[in-house]
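The values are calculated or read from the model by the stated rules, or taken from the named source; none is laboratory data. Predicted model, so just to flag it, every value in this text is computed and none were measured. Heads up, the Cβs are rebuilt from the backbone with ideal geometry, glycines too, and the neighbour counts pull from every protein chain shown.
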């Protein structure tokens, strides 16, 4: 709800395949309440940037 300036339920598009580390051409829906920082953590890992944790993250996402 943009009127509430909420960061919940945001649609997000990722472009590129991460040099083959992320399969494209699909729609993935994660459970409600999944923090976007989980995606950030996962993408950093896919780029070979070692980060153990991020604020508000509950862990990496399975993008397989």
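Residues in region 48-62 that are over 18 Å from residue 19 (Cβ atoms) and loosely packed, with under 10 Cβ neighbours inside 10 Å: 52, 55, 62. Being outside any loop (DSSP other than H, G, I, E, B), over 9 Å from the mean Cα position of the chain (by Cα) and surrounded by 10 or more Cβ atoms within 10 Å (Cβ to Cβ), is that true of even one residue in region 28-44? Yes, there is a match, as at least one residue in region 28-44 is outside any loop (DSSP other than H, G, I, E, B), over 9 Å from the mean Cα position of the chain (by Cα) and surrounded by 10 or more Cβ atoms within 10 Å (Cβ to Cβ). Residue 6 meets each of the listed conditions (1) exposed (fewer than 10 other Cβ atoms within 10 Å of the Cβ); (2) within 9 Å of the chain's Cα centre (by Cα) apart from (2). Close Cβ contacts (under 6 Å, 6 or more residues apart or on different chains) running from residues in region 8-37 that are more than 17 Å from residue 54 (Cβ to Cβ) to residues that are part of a loop (DSSP other than H, G, I, E, B) and modelled with pLDDT of 80 or more comprise 17/24; 22/63. Residue 25 falls short on exactly one of the conditions (1) surrounded by fewer than 10 Cβ atoms within 10 Å (Cβ to Cβ); (2) modelled with pLDDT of 85 or more; (3) under 14 Å from the mean Cα position of the chain (by Cα), and that condition is (3).
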